Amino acid sequence: MQNFVYHNPVKVLFGRGQISNLGGEIPAQAKVLLTYGGGSIKANGVYAQVRAALAGRAVVEFGGIQPNPRYETLMQAVEIVRKEGVEFLLAVGGGSVLDGTKFISAATHFDGDPWDILARQAPIARAVPLGAVLTLPATGSEMNFFAVVTRGETQEKLAFGNPLVYPRFSVLDPETTLTLPARQIANGVVDAFVHVLEQYLTYPAEAPLQDRLAEAILLTLIEEGPKTLADPADYTARANLMWCATMALNGVIAAGVPQDWATHMIGHEITALHGLDHAQTLAVVLPGTMIARQDTKREKILQFAARVWGIREGTPETRIVAAVEKTREFFESLGVPTRLSDYGVSADTIPVIVGRMEKRGMTAFGERGDVTPAKVREILALCV
Ligand code: NZQ
Ligand code: ZN
(Lines give C-alpha, C1' and ligand atoms only; values in the text may rest on other atoms or scores of the structure.)
(Ligands and ions follow the chains in the order given, each with its own letter.)
Protein backbone atom coordinates (compact mmCIF):
# COMPACT_ATOMS: atom_id res chain seq x y z
CA MET A 1 0.00 0.00 0.00
CA GLN A 2 1.29 3.51 -0.79
CA ASN A 3 1.75 6.08 1.98
CA PHE A 4 -1.13 8.48 2.36
CA VAL A 5 -2.51 11.33 4.43
CA TYR A 6 -6.25 11.22 4.86
CA HIS A 7 -8.18 14.15 6.24
CA ASN A 8 -11.76 14.81 5.21
CA PRO A 9 -13.32 17.58 7.29
CA VAL A 10 -16.79 17.61 5.68
CA LYS A 11 -19.62 17.23 8.17
CA VAL A 12 -22.44 15.26 6.56
CA LEU A 13 -26.06 15.74 7.63
CA PHE A 14 -27.84 12.81 6.03
CA GLY A 15 -31.53 11.97 5.79
CA ARG A 16 -35.07 13.30 5.73
CA GLY A 17 -35.61 16.73 7.20
CA GLN A 18 -31.93 17.55 7.63
CA ILE A 19 -32.21 20.85 5.74
CA SER A 20 -33.94 22.30 8.80
CA ASN A 21 -30.68 21.81 10.74
CA LEU A 22 -28.37 23.72 8.46
CA GLY A 23 -28.77 27.01 10.30
CA GLY A 24 -26.72 25.59 13.15
CA GLU A 25 -23.80 24.98 10.81
CA ILE A 26 -23.46 28.59 9.58
CA PRO A 27 -22.15 31.35 11.86
CA ALA A 28 -25.22 33.34 12.98
CA GLN A 29 -23.88 36.75 12.00
CA ALA A 30 -22.43 35.75 8.63
CA LYS A 31 -23.90 37.27 5.51
CA VAL A 32 -24.82 34.34 3.28
CA LEU A 33 -24.86 34.00 -0.51
CA LEU A 34 -27.30 31.26 -1.52
CA THR A 35 -26.27 29.91 -4.92
CA TYR A 36 -28.42 27.73 -7.16
CA GLY A 37 -28.99 26.61 -10.73
CA GLY A 38 -31.79 26.96 -13.23
CA GLY A 39 -34.68 26.82 -10.79
CA SER A 40 -35.28 23.13 -9.98
CA ILE A 41 -34.95 24.00 -6.27
CA LYS A 42 -37.83 26.47 -6.53
CA ALA A 43 -40.09 23.93 -8.26
CA ASN A 44 -39.49 21.11 -5.75
CA GLY A 45 -39.69 22.95 -2.46
CA VAL A 46 -36.00 22.69 -1.55
CA TYR A 47 -35.57 26.45 -1.84
CA ALA A 48 -38.46 27.08 0.58
CA GLN A 49 -36.95 24.65 3.10
CA VAL A 50 -33.54 26.33 2.84
CA ARG A 51 -35.01 29.83 3.23
CA ALA A 52 -36.95 28.66 6.29
CA ALA A 53 -33.76 27.27 7.80
CA LEU A 54 -32.06 30.64 7.19
CA ALA A 55 -34.90 32.73 8.63
CA GLY A 56 -33.72 35.96 10.27
CA ARG A 57 -30.33 35.99 8.58
CA ALA A 58 -28.81 38.30 6.02
CA VAL A 59 -29.09 36.37 2.75
CA VAL A 60 -28.24 37.37 -0.80
CA GLU A 61 -29.06 35.07 -3.73
CA PHE A 62 -27.36 34.14 -6.96
CA GLY A 63 -29.25 31.83 -9.35
CA GLY A 64 -28.61 30.72 -12.91
CA ILE A 65 -25.49 28.58 -12.47
CA GLN A 66 -25.59 26.33 -15.53
CA PRO A 67 -24.97 22.57 -15.77
CA ASN A 68 -21.20 22.44 -16.49
CA PRO A 69 -20.93 25.77 -14.67
CA ARG A 70 -19.68 28.70 -16.70
CA TYR A 71 -16.71 30.77 -15.64
CA GLU A 72 -18.36 33.90 -17.04
CA THR A 73 -21.45 33.40 -14.84
CA LEU A 74 -19.44 32.52 -11.75
CA MET A 75 -17.38 35.70 -12.06
CA GLN A 76 -20.62 37.69 -11.77
CA ALA A 77 -21.21 35.98 -8.43
CA VAL A 78 -17.64 36.78 -7.36
CA GLU A 79 -18.45 40.46 -7.92
CA ILE A 80 -21.52 40.18 -5.69
CA VAL A 81 -19.58 38.43 -2.93
CA ARG A 82 -16.95 41.18 -2.98
CA LYS A 83 -19.43 44.03 -3.20
CA GLU A 84 -21.84 42.72 -0.57
CA GLY A 85 -19.20 41.50 1.84
CA VAL A 86 -20.56 37.94 1.81
CA GLU A 87 -18.96 35.73 4.45
CA PHE A 88 -20.48 32.32 3.76
CA LEU A 89 -21.57 30.56 0.57
CA LEU A 90 -24.43 28.05 0.57
CA ALA A 91 -24.68 25.98 -2.61
CA VAL A 92 -28.07 24.36 -3.22
CA GLY A 93 -28.25 21.99 -6.18
CA GLY A 94 -26.27 19.40 -8.13
CA GLY A 95 -22.56 19.05 -8.78
CA SER A 96 -22.53 22.06 -11.07
CA VAL A 97 -23.86 24.43 -8.41
CA LEU A 98 -21.49 22.97 -5.83
CA ASP A 99 -18.47 23.15 -8.14
CA GLY A 100 -19.38 26.65 -9.27
CA THR A 101 -19.65 27.74 -5.65
CA LYS A 102 -16.23 26.27 -4.84
CA PHE A 103 -14.81 28.34 -7.66
CA ILE A 104 -16.55 31.49 -6.38
CA SER A 105 -15.09 30.68 -2.96
CA ALA A 106 -11.55 30.41 -4.36
CA ALA A 107 -11.76 33.33 -6.80
CA THR A 108 -13.12 35.98 -4.41
CA HIS A 109 -9.85 36.73 -2.64
CA PHE A 110 -7.58 35.67 -5.51
CA ASP A 111 -4.98 38.21 -6.43
CA GLY A 112 -4.64 38.02 -10.21
CA ASP A 113 -6.62 36.46 -13.07
CA PRO A 114 -8.93 33.87 -11.46
CA TRP A 115 -8.86 31.76 -14.63
CA ASP A 116 -5.31 30.84 -13.58
CA ILE A 117 -6.79 28.84 -10.68
CA LEU A 118 -8.04 26.44 -13.35
CA ALA A 119 -5.63 26.93 -16.23
CA ARG A 120 -2.38 27.06 -14.24
CA GLN A 121 -3.42 25.47 -10.96
CA ALA A 122 -2.43 28.79 -9.35
CA PRO A 123 -2.27 28.43 -5.55
CA ILE A 124 -4.93 30.13 -3.46
CA ALA A 125 -4.26 31.46 0.00
CA ARG A 126 -7.81 32.07 1.18
CA ALA A 127 -11.32 30.90 0.37
CA VAL A 128 -14.79 31.97 1.46
CA PRO A 129 -16.23 29.20 3.66
CA LEU A 130 -19.02 27.23 2.03
CA GLY A 131 -21.69 24.64 2.75
CA ALA A 132 -23.92 22.59 0.47
CA VAL A 133 -27.39 21.13 0.10
CA LEU A 134 -27.05 18.40 -2.50
CA THR A 135 -30.01 17.59 -4.77
CA LEU A 136 -28.36 15.24 -7.28
CA PRO A 137 -26.25 12.23 -6.27
CA ALA A 138 -23.42 11.86 -8.79
CA THR A 139 -20.25 13.87 -8.51
CA GLY A 140 -19.15 13.47 -4.90
CA SER A 141 -18.52 17.23 -4.88
CA GLU A 142 -20.41 17.42 -1.58
CA MET A 143 -17.55 15.67 0.23
CA ASN A 144 -14.46 16.51 -1.79
CA PHE A 145 -12.40 19.57 -2.71
CA PHE A 146 -12.59 19.38 -6.50
CA ALA A 147 -14.45 21.60 -8.95
CA VAL A 148 -14.79 21.60 -12.72
CA VAL A 149 -15.55 24.84 -14.56
CA THR A 150 -16.18 25.60 -18.24
CA ARG A 151 -15.16 28.75 -20.10
CA GLY A 152 -17.71 29.38 -22.83
CA GLU A 153 -15.50 31.70 -24.84
CA THR A 154 -12.79 29.08 -25.44
CA GLN A 155 -14.82 25.90 -24.90
CA GLU A 156 -12.42 24.75 -22.20
CA LYS A 157 -13.52 22.57 -19.30
CA LEU A 158 -10.89 22.51 -16.55
CA ALA A 159 -10.64 21.29 -12.96
CA PHE A 160 -8.94 22.45 -9.79
CA GLY A 161 -8.71 21.08 -6.30
CA ASN A 162 -7.78 22.68 -2.99
CA PRO A 163 -8.55 21.64 0.59
CA LEU A 164 -9.62 25.24 1.30
CA VAL A 165 -12.81 24.61 -0.72
CA TYR A 166 -13.97 21.52 1.12
CA PRO A 167 -17.57 22.24 2.15
CA ARG A 168 -17.83 22.89 5.89
CA PHE A 169 -20.93 20.71 5.82
CA SER A 170 -23.18 19.01 3.29
CA VAL A 171 -26.85 18.21 3.72
CA LEU A 172 -27.82 15.01 1.92
CA ASP A 173 -31.59 14.56 2.07
CA PRO A 174 -32.60 11.82 -0.39
CA GLU A 175 -36.09 13.35 -0.60
CA THR A 176 -34.63 16.35 -2.44
CA THR A 177 -33.79 13.96 -5.30
CA LEU A 178 -37.38 12.79 -5.83
CA THR A 179 -37.92 15.29 -8.63
CA LEU A 180 -34.87 14.27 -10.67
CA PRO A 181 -35.60 13.26 -14.25
CA ALA A 182 -34.59 9.67 -15.10
CA ARG A 183 -31.73 10.98 -17.23
CA GLN A 184 -30.08 12.66 -14.25
CA ILE A 185 -30.51 9.62 -12.01
CA ALA A 186 -28.92 7.44 -14.68
CA ASN A 187 -26.14 10.00 -15.13
CA GLY A 188 -25.48 9.90 -11.41
CA VAL A 189 -25.17 6.12 -11.33
CA VAL A 190 -22.75 6.14 -14.28
CA ASP A 191 -20.67 9.00 -12.85
CA ALA A 192 -20.30 7.34 -9.44
CA PHE A 193 -19.54 3.98 -11.09
CA VAL A 194 -16.76 5.49 -13.19
CA HIS A 195 -15.38 7.43 -10.21
CA VAL A 196 -14.86 4.10 -8.48
CA LEU A 197 -13.23 2.61 -11.56
CA GLU A 198 -10.82 5.55 -11.92
CA GLN A 199 -9.48 4.60 -8.49
CA TYR A 200 -9.79 0.81 -8.80
CA LEU A 201 -9.13 -0.25 -12.39
CA THR A 202 -5.41 0.48 -12.31
CA TYR A 203 -2.90 -2.07 -11.00
CA PRO A 204 -2.74 -4.11 -7.78
CA ALA A 205 -1.37 -2.08 -4.86
CA GLU A 206 -1.58 -4.58 -2.01
CA ALA A 207 -4.65 -2.78 -0.76
CA PRO A 208 -7.35 -5.43 -0.39
CA LEU A 209 -9.57 -3.26 1.83
CA GLN A 210 -9.68 -0.45 -0.75
CA ASP A 211 -10.44 -3.04 -3.43
CA ARG A 212 -13.28 -4.57 -1.44
CA LEU A 213 -14.70 -1.15 -0.60
CA ALA A 214 -14.60 -0.16 -4.26
CA GLU A 215 -16.29 -3.41 -5.28
CA ALA A 216 -18.96 -2.90 -2.62
CA ILE A 217 -19.81 0.52 -4.05
CA LEU A 218 -19.95 -0.88 -7.60
CA LEU A 219 -22.20 -3.79 -6.56
CA THR A 220 -24.50 -1.48 -4.60
CA LEU A 221 -24.78 0.89 -7.57
CA ILE A 222 -25.66 -2.08 -9.81
CA GLU A 223 -28.47 -2.98 -7.38
CA GLU A 224 -29.77 0.41 -6.28
CA GLY A 225 -29.50 2.32 -9.57
CA PRO A 226 -32.06 0.24 -11.48
CA LYS A 227 -34.30 0.11 -8.36
CA THR A 228 -34.33 3.90 -8.20
CA LEU A 229 -35.24 4.17 -11.88
CA ALA A 230 -37.93 1.49 -11.62
CA ASP A 231 -39.67 3.02 -8.61
CA PRO A 232 -39.09 6.76 -8.34
CA ALA A 233 -40.82 6.83 -4.95
CA ASP A 234 -38.40 4.32 -3.36
CA TYR A 235 -36.74 6.42 -0.63
CA THR A 236 -34.48 3.59 0.46
CA ALA A 237 -33.01 3.06 -3.00
CA ARG A 238 -32.43 6.82 -3.33
CA ALA A 239 -30.78 7.04 0.06
CA ASN A 240 -28.41 4.21 -0.79
CA LEU A 241 -27.65 5.65 -4.20
CA MET A 242 -26.88 9.02 -2.64
CA TRP A 243 -24.44 7.58 -0.12
CA CYS A 244 -22.78 5.45 -2.81
CA ALA A 245 -22.13 8.53 -4.94
CA THR A 246 -20.62 10.37 -1.97
CA MET A 247 -18.43 7.43 -0.95
CA ALA A 248 -17.24 6.99 -4.54
CA LEU A 249 -15.32 10.27 -4.48
CA ASN A 250 -14.62 11.41 -0.94
CA GLY A 251 -11.08 10.07 -0.74
CA VAL A 252 -11.77 6.85 1.19
CA ILE A 253 -11.20 4.42 -1.68
CA ALA A 254 -8.37 6.56 -3.10
CA ALA A 255 -6.21 6.24 0.01
CA GLY A 256 -2.98 4.38 -0.69
CA VAL A 257 -3.79 3.29 -4.25
CA PRO A 258 -2.88 4.52 -7.76
CA GLN A 259 -5.48 6.56 -9.65
CA ASP A 260 -6.20 6.95 -13.34
CA TRP A 261 -8.67 9.77 -14.28
CA ALA A 262 -7.88 9.57 -18.02
CA THR A 263 -11.48 8.68 -18.86
CA HIS A 264 -12.59 11.86 -17.08
CA MET A 265 -10.00 14.07 -18.77
CA ILE A 266 -10.96 12.81 -22.23
CA GLY A 267 -14.64 13.07 -21.29
CA HIS A 268 -14.27 16.71 -20.26
CA GLU A 269 -13.03 17.52 -23.77
CA ILE A 270 -16.11 15.86 -25.29
CA THR A 271 -18.45 17.90 -23.07
CA ALA A 272 -16.56 21.11 -23.83
CA LEU A 273 -16.75 20.55 -27.60
CA HIS A 274 -20.07 18.77 -28.04
CA GLY A 275 -22.14 19.48 -24.92
CA LEU A 276 -22.74 15.88 -23.85
CA ASP A 277 -23.63 15.43 -20.18
CA HIS A 278 -20.59 14.58 -18.06
CA ALA A 279 -21.77 11.01 -17.39
CA GLN A 280 -22.61 10.43 -21.05
CA THR A 281 -18.97 11.11 -21.94
CA LEU A 282 -17.81 8.61 -19.33
CA ALA A 283 -20.16 5.91 -20.63
CA VAL A 284 -18.63 6.47 -24.08
CA VAL A 285 -14.94 6.63 -23.09
CA LEU A 286 -14.71 3.95 -20.40
CA PRO A 287 -15.23 0.91 -22.71
CA GLY A 288 -12.55 2.28 -25.07
CA THR A 289 -10.20 2.82 -22.12
CA MET A 290 -10.68 -0.73 -20.90
CA ILE A 291 -9.96 -2.24 -24.32
CA ALA A 292 -7.10 0.05 -25.36
CA ARG A 293 -5.31 -0.18 -22.01
CA GLN A 294 -6.05 -3.81 -21.13
CA ASP A 295 -2.36 -4.73 -21.16
CA THR A 296 -1.50 -2.46 -18.24
CA LYS A 297 -4.83 -2.85 -16.42
CA ARG A 298 -5.10 -6.61 -16.97
CA GLU A 299 -5.02 -7.87 -13.37
CA LYS A 300 -7.56 -5.37 -12.09
CA ILE A 301 -9.91 -5.82 -15.06
CA LEU A 302 -9.88 -9.57 -14.44
CA GLN A 303 -10.58 -8.98 -10.75
CA PHE A 304 -13.42 -6.60 -11.68
CA ALA A 305 -14.78 -9.19 -14.12
CA ALA A 306 -14.78 -11.93 -11.48
CA ARG A 307 -15.88 -10.06 -8.38
CA VAL A 308 -18.33 -7.57 -9.85
CA TRP A 309 -19.74 -9.41 -12.87
CA GLY A 310 -19.09 -13.03 -11.84
CA ILE A 311 -17.06 -13.70 -15.00
CA ARG A 312 -14.61 -16.49 -14.16
CA GLU A 313 -14.65 -18.74 -17.23
CA GLY A 314 -12.58 -18.40 -20.39
CA THR A 315 -9.22 -16.99 -21.34
CA PRO A 316 -8.07 -13.67 -19.88
CA GLU A 317 -8.79 -12.03 -23.25
CA THR A 318 -12.38 -13.27 -23.45
CA ARG A 319 -13.01 -12.37 -19.79
CA ILE A 320 -11.84 -8.81 -20.41
CA VAL A 321 -14.10 -8.46 -23.45
CA ALA A 322 -17.01 -9.90 -21.44
CA ALA A 323 -16.40 -7.42 -18.57
CA VAL A 324 -16.41 -4.50 -21.01
CA GLU A 325 -19.64 -5.77 -22.57
CA LYS A 326 -21.30 -6.24 -19.16
CA THR A 327 -20.36 -2.69 -18.19
CA ARG A 328 -21.59 -1.31 -21.49
CA GLU A 329 -24.88 -3.24 -21.12
CA PHE A 330 -25.31 -1.85 -17.60
CA PHE A 331 -24.95 1.75 -18.78
CA GLU A 332 -27.27 1.11 -21.74
CA SER A 333 -29.84 -0.53 -19.44
CA LEU A 334 -29.96 2.72 -17.46
CA GLY A 335 -30.68 4.58 -20.70
CA VAL A 336 -27.19 6.01 -21.19
CA PRO A 337 -25.87 5.29 -24.72
CA THR A 338 -22.22 4.27 -24.94
CA ARG A 339 -21.04 5.35 -28.38
CA LEU A 340 -20.14 8.78 -29.73
CA SER A 341 -22.31 8.13 -32.78
CA ASP A 342 -25.35 7.70 -30.49
CA TYR A 343 -24.92 11.41 -29.66
CA GLY A 344 -24.35 12.48 -33.27
CA VAL A 345 -20.59 12.95 -32.79
CA SER A 346 -18.36 11.59 -35.57
CA ALA A 347 -14.74 10.43 -35.69
CA ASP A 348 -13.82 13.90 -36.99
CA THR A 349 -13.62 15.02 -33.36
CA ILE A 350 -10.71 12.68 -32.56
CA PRO A 351 -7.82 14.75 -33.99
CA VAL A 352 -9.37 17.89 -32.50
CA ILE A 353 -9.46 16.40 -28.99
CA VAL A 354 -5.98 14.91 -29.29
CA GLY A 355 -4.61 18.27 -30.51
CA ARG A 356 -6.27 20.24 -27.70
CA MET A 357 -4.95 17.92 -25.00
CA GLU A 358 -1.48 17.93 -26.49
CA LYS A 359 -1.46 21.73 -26.63
CA ARG A 360 -2.32 21.86 -22.95
CA GLY A 361 0.59 19.59 -22.14
CA MET A 362 -1.58 16.58 -21.30
CA THR A 363 0.71 14.13 -23.02
CA ALA A 364 1.44 11.54 -20.31
CA PHE A 365 -1.33 10.85 -17.82
CA GLY A 366 -3.18 7.93 -16.26
CA GLU A 367 -1.93 5.77 -13.38
CA ARG A 368 1.32 4.95 -15.17
CA GLY A 369 1.74 8.22 -17.05
CA ASP A 370 1.46 6.27 -20.28
CA VAL A 371 -1.67 7.81 -21.79
CA THR A 372 -0.01 9.64 -24.66
CA PRO A 373 -1.67 11.47 -27.55
CA ALA A 374 -1.38 8.24 -29.58
CA LYS A 375 -3.18 6.35 -26.79
CA VAL A 376 -5.95 8.95 -26.58
CA ARG A 377 -6.42 8.54 -30.33
CA GLU A 378 -6.59 4.76 -29.96
CA ILE A 379 -9.11 4.99 -27.10
CA LEU A 380 -11.35 7.42 -28.96
CA ALA A 381 -11.24 5.36 -32.15
CA LEU A 382 -12.88 2.57 -30.13
CA CYS A 383 -15.63 4.93 -28.89
CA VAL A 384 -17.18 5.93 -32.21
O1 NZQ B 1 -29.97 23.83 -12.63
P2 NZQ B 1 -31.13 23.19 -11.99
O3 NZQ B 1 -32.41 23.85 -12.27
O4 NZQ B 1 -30.91 22.94 -10.52
O5 NZQ B 1 -31.31 21.74 -12.69
C6 NZQ B 1 -30.32 20.73 -12.64
C7 NZQ B 1 -29.58 20.55 -13.97
O8 NZQ B 1 -30.39 20.91 -15.06
C9 NZQ B 1 -31.01 19.40 -12.49
N10 NZQ B 1 -31.32 19.05 -11.09
C11 NZQ B 1 -30.46 18.99 -10.03
N12 NZQ B 1 -31.12 18.57 -8.94
C13 NZQ B 1 -32.41 18.37 -9.30
C14 NZQ B 1 -32.54 18.68 -10.67
N15 NZQ B 1 -33.71 18.57 -11.33
C16 NZQ B 1 -34.78 18.15 -10.62
N17 NZQ B 1 -34.72 17.80 -9.31
C18 NZQ B 1 -33.56 17.89 -8.63
N19 NZQ B 1 -33.49 17.51 -7.34
O20 NZQ B 1 -30.10 18.46 -13.02
C21 NZQ B 1 -29.37 19.05 -14.09
C22 NZQ B 1 -27.92 18.64 -14.01
O23 NZQ B 1 -27.33 19.20 -12.83
P24 NZQ B 1 -25.73 19.20 -12.64
O25 NZQ B 1 -25.46 19.82 -11.34
O26 NZQ B 1 -25.08 19.76 -13.85
O27 NZQ B 1 -25.39 17.64 -12.63
P28 NZQ B 1 -24.26 16.85 -11.87
O29 NZQ B 1 -24.52 16.78 -10.41
O30 NZQ B 1 -24.14 15.59 -12.61
O31 NZQ B 1 -22.94 17.74 -12.04
C32 NZQ B 1 -22.17 17.70 -13.22
C33 NZQ B 1 -20.96 18.60 -13.10
O34 NZQ B 1 -20.07 18.14 -12.07
C35 NZQ B 1 -18.76 17.98 -12.61
C36 NZQ B 1 -19.04 17.64 -14.04
O37 NZQ B 1 -17.92 17.80 -14.87
C38 NZQ B 1 -20.15 18.60 -14.38
O39 NZQ B 1 -19.64 19.88 -14.66
N40 NZQ B 1 -18.00 16.99 -11.82
C41 NZQ B 1 -17.56 17.36 -10.61
C42 NZQ B 1 -16.76 16.55 -9.83
C43 NZQ B 1 -16.29 16.96 -8.50
N44 NZQ B 1 -16.55 18.16 -8.07
O45 NZQ B 1 -15.63 16.17 -7.80
C46 NZQ B 1 -16.32 15.23 -10.30
C47 NZQ B 1 -17.10 14.73 -11.47
O48 NZQ B 1 -16.31 13.78 -12.14
C49 NZQ B 1 -17.53 15.77 -12.44
O50 NZQ B 1 -16.48 16.09 -13.33
ZN1 ZN C 1 -17.27 12.27 -12.89
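The values are calculated or read from the model by the stated rules, or taken from the named source; none is laboratory data. Only a predicted model underlies this, so the values are computations on that prediction, with no experimental measurement involved. Positions of Cβ are backbone-derived with ideal geometry, glycine not excepted, and every protein chain shown enters the neighbour counts. Ligands, DNA and RNA are excluded from the accessible area calculation, which covers all protein heavy atoms including side chains. Shrake-Rupley method; radii C 1.70, N 1.55, O 1.52, S 1.80 Å.
Of note:
- TYR6 vs. criteria closer than 22 Å to LEU249 by Cα, among the hydroxyl-bearing types (Ser, Thr, Tyr) and not assigned by TED's automatic domain parsing to the domain that holds ALA272: yes
- Top-ranked residue in segment 131-147 [being within 9 Å of LYS102 (Cα to Cα) and surrounded by fewer than 24 Cβ atoms within 10 Å (Cβ to Cβ); ranked as nearest to ligand 1 (Cβ to nearest atom)]: PHE146
- Every pair of residues 6+ apart whose Cβ atoms lie under 9 Å, when the first sits in segment 32-43 and is on the phi > 0 side of the Ramachandran plot while the second is more than 7 Å from ligand 1 (Cβ to nearest atom) and open to solvent by 20 Å² or more (accessible area, probe 1.4 Å): GLY39/TYR47; GLY39/GLY63; GLY39/GLY64
- Verdict on ILE19 being among the hydrophobic types (A, V, I, L, M, F, W, C), within 12 Å of ligand 1 (Cβ to nearest atom) and either within 23 Å of the chain's Cα centre (by Cα) or in the same structural domain as THR271 (by TED's automatic domain parsing) (or both): no
- Looking across VAL165, VAL194, VAL148, VAL189, one residue alone is within 16 Å of ligand 2 (Cβ to nearest atom) and touching a Lys or Arg at 6+ places or on another chain (Cβ under 7 Å). It is VAL148.
- Residue match in segment 201-209 (condition: open to solvent by less than 10 Å² (accessible area, probe 1.4 Å) and closer than 29 Å to ILE350 by Cα): yes
- Of all residues making up segment 91-140, the number that are of a type in the set (Val, Ile, Thr) and within 16 Å of ligand 2 (Cβ to nearest atom): 2
- Reported count of residues in segment 191-202, each being within 10 Å of the chain's Cα centre (by Cα) and of a type in the set (Val, Ile, Thr), is 1.
- Residues being within 16 Å of ligand 1 (Cβ to nearest atom), open to solvent by 10 Å² or more (accessible area, probe 1.4 Å) and hydroxyl-bearing (Ser, Thr, Tyr) - total across segment 274-304: 0
- Within segment 74-98, tally of residues that are open to solvent by 20 Å² or more (accessible area, probe 1.4 Å) and assigned to a helix (DSSP H, G or I): 8
- Pairs with Cβ under 6 Å, 6+ apart, first in segment 214-240 and in contact (Cβ under 8 Å) with a residue 40 or more places away in the chain, second open to solvent by 50 Å² or more (accessible area, probe 1.4 Å) and part of a helix (DSSP H, G or I): GLU215/ARG307; LEU229/ALA182
- Residue count for segment 28-79 under the criterion of being within 14 Å of ligand 1 (Cβ to nearest atom) and not β-branched (Val, Ile, Thr): the result is 24.
- Test result for THR73, in the same structural domain as ALA30 (by TED's automatic domain parsing) and under 27 Å from GLY225 (Cβ atoms): no
- Test result for TYR6, on the phi < 0 side of the Ramachandran plot, out of contact with any Leu (no Cβ under 8 Å at 6 or more places or on another chain), open to solvent by 20 Å² or more (accessible area, probe 1.4 Å) and in a helix (DSSP H, G or I): no
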